[in-house]
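J.: The following block contains the structure, expressed as structure tokens.
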Amino acid sequence: MPHPIVRFAPSPTGAIHIGNARTALLNFLYAKKHHGTFILRFDDTDVERSREEFAQAIEVDLAWLGIAPAVTLRQSQRLPLYHAAAERLRAGGRLYPCYESAEELDRKRKRQQARGLPPVYDRAALELTAQERARLEAEGRRPHWRFKLDQKIVRWNDLVRGESHIDCASLSDPVLLREDGSYLYTLPSVADDLDLKINLIIRGEDHVTNTAVQHQLFEALAPSGAAAVPAFAHHNLLSSATGEGLSKRSGSLSIGGLRDQGIEPLAVAAAAVLIGSSIALHPIGSLDELVASLDLEQISRTQTRFDPAELAALSARTLHGLSFESVRERLAAHDIAGYKAKPFWLAVRGNLEAFLDVVDWWRIVEGEIAIAEDADSGLDADFLATARAALPEEPWDETVWTAWTKVLKERTGRKGRALFHPLRLALTGRDTGPELAALLPLIGRIKALARLSARAA
Ligand code: GLU
């Protein structure tokens with residue numbers, strides 16, 4: 001296969017959710033893996049429902065996930081391309097005007113169903129004479145336009161689902177243009193895919209039927225002799241933990257919502273890609289790790305439930321393994337910088353539930369601590385005085401904790417929790433937390449002495 005040119009084509013009608021992120025990531029990672037091109041295309045021909053704010057929010061969400069499109073397009077700015085495509089179809093006799101109202105179509109469908117027939121459009125409009133059309137137009141009717149399907153079986157080798165086929169005789173000729181001249185999704189999508197030389201379409205399996213129709217449109221619109229029809233890969237869909245479909249408009253499991261909950265982007269990406277595949281969900285340190293394991297053939301063919309509870313745990317495990325380099329800028333955004341930033345990150349990352357927990361731990365290392373009263377903590381003045389006296393001189397490194405507590409153990413006879421817990425409480429104001437061996441050198445001797453004194457007062 002030549003270098004893949006793929007696209008993610010959301011309609012900007014709401015916030016993207018984890019299921020949309022799955023489509024976006026599968027495309028982006030596939031392009032990355034095969035040195036291809038990833039294009040972001042906003043399907044915004046529906047002026048009623050599309051909003052520029054949604055498009056911008058989708059760009060923010062994709063960037064947060066680490067997805068960087070090579071090109072971003074808006075269909076609303078490419079209408080001449082679609083007009084030209086519609087003209088070509090008309091000239092070839094493949095696009096025909098229809099005048100039935102929604103109610104008339106509905107009545108036809110009901111009659112067909114009553115007679116046990118499939119509700120396929122009967123092509124009555126193809127029989128209209130020029131005079132009949134003129135009369136309908138004189139009544140004030142405006143046509144919508146249907147694509148005349150070849151009644152044949154369309155076959156393709158789906159990269160996820162394998163050999164696939166759809167009998168177009170069982171489909172209604174699809175409406176490509178509404179009465180008001182606006183386009184439904186089908187024609188602009190194919191015109192753009194041709195114009196941009198998209199050679200692989202990875203999208204949800206809710207589009208399988210569209211593929212048969214689009215196959216015929218690709219053939220009808222492709223410049224003669226060109227390899228017209230792209231390859232297709234239809235992945236399974238994610239549903240909520242209770243089995244409902246995810247919806248852009250309801251905002252369920254939206255990417256922005258997960259971000260606001262403090263979920264790590266790499267955890268969202270891992271979940272979006274690995275759930276519903278044969279690879280077990282596991283924390284990742286970069287998107288490149290997903291690239292390595294990406295295999296469209298490993299995607300399961302059944303709908304997969306997505307449990308947000310799993311995501312919180314995965315997010316914490318993701319944080320525990322992140323390198324300093326990968327979070328350097330995020331730490332700096334919270335003024336966590338300088339020579340202590342790296343040892344600090346390595347000391348605390350294993351204790352984080354959410355990234356923002358670093359702010360508290362940084363304050364504990366660099367600022368003031370709140371002193372929690374705890375009757376059982378063993379913070380008696382004698383013990384703390386001994387601890388202060390035994391505190392080694394600087395310079396300190398990670399061995400200072402062991403050296404210090406060894407002396408304290410000898411001098412006080414304390415060991416285990418009775419020895420360590422009061423020190424933790426005095427030094428950090430917390431019951432639990434990162435290894436003190438790593439924290440103590442960051443806190444430093446002056447602060448450590450002050451905190452040991454404060455507790456003894
Ligand atoms: N706008 C369509 C959607 O959001 C794009 C489908 C496609 O990838 O062709 O479902």
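J.: Could you check region 89-105 and list, in sequence order, the residues that are surrounded by 14 or more Cβ atoms within 10 Å (Cβ to Cβ) and in contact with a Lys or Arg (Cβ under 9 Å, 6 or more places away or on another chain)?
T.: Matches in region 89-105: L89, R94, L95, Y96, P97, C98, Y99, E100.
J.: Something else: Only one residue in L79, L65 is open to solvent by 60 Å² or more (accessible area, probe 1.4 Å), within 39 Å of the chain's Cα centre (by Cα), of a type outside the set (V, I, T) and at pLDDT 95 or above, so which one is that?
T.: Being open to solvent by 60 Å² or more (accessible area, probe 1.4 Å), within 39 Å of the chain's Cα centre (by Cα), of a type outside the set (V, I, T) and at pLDDT 95 or above holds for just one of L79, L65, which is L79.
J.: Which members of region 179-190 meet the condition of being within 12 Å of the ligand (Cβ to nearest atom), assigned to a loop (DSSP other than H, G, I, E, B) and more than 21 Å from T72 (Cβ to Cβ)?
T.: Passing the criteria: only L184.
J.: Residue under question is E137, and the condition is that it be part of a helix (DSSP H, G or I) and more than 16 Å from the ligand (Cβ to nearest atom); does it hold?
T.: In short, yes.
J.: Does region 191-210 hold any residues that are more than 9 Å from the ligand (Cβ to nearest atom), within 21 Å of A86 (Cβ to Cβ) and part of a helix (DSSP H, G or I), and which are they?
T.: If the condition is that a residue be more than 9 Å from the ligand (Cβ to nearest atom), within 21 Å of A86 (Cβ to Cβ) and part of a helix (DSSP H, G or I), then A191, D192, L194, D195 are the ones that fit.
J.: Inside region 1-29, can you point out the residues that are open to solvent by less than 30 Å² (accessible area, probe 1.4 Å) and hydroxyl-bearing (S, T, Y)?
T.: T13, T23, listed by residue number.
J.: Could you tell me which numbered condition R111 fails, if it satisfies all but one of (1) more than 25 Å from L217 (Cβ to Cβ); (2) surrounded by 11 or more Cβ atoms within 10 Å (Cβ to Cβ); (3) under 42 Å from the mean Cα position of the chain (by Cα)?
T.: Condition not satisfied by R111: (3).
J.: Any residue at all in region 252-271 that is within 16 Å of the ligand (Cβ to nearest atom) and out of contact with any His (no Cβ under 8 Å at 6 or more places or on another chain)?
T.: No: zero hits.
J.: Return yes or no: is A231 at pLDDT below 95 and away from the ligand (no atom under 11 Å from the Cβ)?
T.: Taking the combined requirement at face value, the residue does not satisfy it.
J.: Out of (1) surrounded by fewer than 22 Cβ atoms within 10 Å (Cβ to Cβ); (2) charged (D, E, K, R); (3) touching a helix residue (DSSP H, G or I) at 6+ places or on another chain (Cβ under 9 Å), the odd one out for E53 is which?
T.: (3)
J.: Given the criterion surrounded by 22 or more Cβ atoms within 10 Å (Cβ to Cβ) and either touching a residue at least 24 places away in the same chain (Cβ under 8 Å) or in contact with a Lys or Arg (Cβ under 8 Å, 6 or more places away or on another chain) (or both), identify the matching residue among A241, A269.
T.: On inspection, the qualifying residue turns out to be A269.
J.: What number goes with the only condition from (1) in contact (Cβ under 8 Å) with a residue 24 or more places away in the chain; (2) surrounded by 14 or more Cβ atoms within 10 Å (Cβ to Cβ); (3) closer than 20 Å to G262 by Cα that L294 does not pass?
T.: Here L294 clears every test but (3).
J.: Do the conditions hold for L237, that is, is it within 15 Å of the ligand (Cβ to nearest atom), among the aliphatic types (A, V, I, L, M) and closer than 25 Å to V60 by Cα?
T.: Spelling it out, L237 is indeed within 15 Å of the ligand (Cβ to nearest atom), among the aliphatic types (A, V, I, L, M) and closer than 25 Å to V60 by Cα.
J.: Moving on. Go over the candidates S189, S164, S182 one by one and state the one that is farther than 23 Å from K108 by Cβ, open to solvent by less than 10 Å² (accessible area, probe 1.4 Å) and in contact with an Asp or Glu (Cβ under 8 Å, 6 or more places away or on another chain).
T.: None of the others qualify; the one that does is S189.
J.: Kindly establish whether L176 is over 21 Å from I39 (Cβ atoms), within 16 Å of the ligand (Cβ to nearest atom) and either more than 22 Å from the chain's Cα centre (by Cα) or not in a loop (DSSP other than H, G, I, E, B) (or both).
T.: yes
Every residue, every condition in (1) of a type in the set (D, E, K, R); (2) modelled with pLDDT of 95 or more; (3) in a helix (DSSP H, G or I), yes or no:
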residue: W401; (1), (2), (3): no, yes, yes
residue: K406; (1), (2), (3): yes, yes, yes
residue: R414; (1), (2), (3): yes, yes, no
residue: R430; (1), (2), (3): yes, no, no
residue: A438; (1), (2), (3): no, yes, yes
residue: I446; (1), (2), (3): no, yes, yes
residue: L449; (1), (2), (3): no, yes, yes
residue: R455; (1), (2), (3): yes, no, yes
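J.: Moving on to the next point. Taking the condition of being in a helix (DSSP H, G or I) and open to solvent by 50 Å² or more (accessible area, probe 1.4 Å), how many residues in region 211-238 meet it?
T.: 1
J.: Related question: Out of A63, A85, report the one residue that is over 30 Å from G19 (Cα atoms) and out of contact with any Phe, Trp or Tyr (no Cβ under 9 Å at 6 or more places or on another chain).
T.: A85
J.: If only one of T428, T432 is out of contact with any Lys or Arg (no Cβ under 6 Å at 6 or more places or on another chain) and surrounded by 17 or more Cβ atoms within 10 Å (Cβ to Cβ), which one is it?
T.: T428
J.: Select the helices (runs of 4 or more DSSP H) contained entirely in region 1-120, then report the ones holding at least 1 residues which are under 30 Å from S326 (Cβ atoms), touching a Pro at 6+ places or on another chain (Cβ under 6 Å) and away from the ligand (no atom under 14 Å from the Cβ).
T.: 18-33, 52-65
The values are calculated or read from the model by the stated rules, or taken from the named source; none is laboratory data. Everything numeric here is computed off the predicted structure, so don't read it as measured data. Quick reminder, even Gly has a Cβ in these numbers, built from the backbone with ideal geometry, and neighbours come from all protein chains shown. Each accessible area value is taken on the protein alone, full model and side chains, heavy atoms only, with ligands, DNA and RNA left out. Shrake-Rupley method; radii C 1.70, N 1.55, O 1.52, S 1.80 Å.
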